[in-house]
Amino acid sequence: MLEVPAEPASPEPQTAQAAQPDPANSMALPPAVQLSQAEIVSLEEQLLHRVLQRVDLSLEERLSDTVSAAVQHQLDAMVPRLRNEIEAVLRALVIEAMAAELSENTGSVPASGA
C-alpha cells in the first residue's frame with residue numbers, strides 16, 4: 001500500500017499550481033506529493049496488474065457462458081433441419097435398398113418362418 005505523507009498546513013501558491021499533474025496521467029494523490037517517473041510507472045503497472053487480475057477472474061467464466069449459450073442456440077435451430085435431412089437420407093437409402101433387392105429377386109418367393 002502506498003503511504004501518502006500528510007499535506008503541509010499552507011502550501012505555497014506557486015508550488016501548488018506547478019505540482020498539478022496532467023489528469024490523464026495522475027492518480028488521486030494530494031498535489032503536494034511529487035512522484036518520480038519510475039514511481040508513476042510502478043503505480044501504473046500495479047494498477048494494470050490488479051485490473052487484469054479482476055478481469056481474468058471472470059473473463060473465462062463469462063466467455064464460457066456466452067459461447068455455450070450461442071452454441072446451444074445454434075444447435076436448437078439446427079435440430080429440426082438435421083432431423084429432416086437425416087430422414088430424407090434414410091428414406092432414400094431404404095428406397096434404393098428395396099429397389100435393389102426387388103430387382104435381384106423378382107421371381108423368388110419370400111422366405112417364411114414355417
request  = Provide the FRET efficiency to the nearest 0.05 for the Ser36-Asp56 pair, computing r from the beta carbons and using R0 = 41 Å.
outcome  = 0.90
key: Calculated FRET efficiency for the pair Glu101/His73, C-beta based, R₀ 41 Å, to 0.05   = 0.45
remark   = HN-Hα couplings for the range 56-65 via Karplus (6.51, -1.76, 1.60; θ = phi - 60°), in whole Hz with x for Gly/Pro, come out as 4, 4, 10, 4, 4, 5, 5, 5, 4, 4
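Bear in mind these aren't lab numbers, they're just calculated from the coordinates by the rules spelled out. Since the model is a prediction, treat every value here as computed from it, not as a measurement. Every residue, glycine as well, gets a Cβ built from its backbone with ideal geometry; the counts of neighbours run over all protein chains shown.
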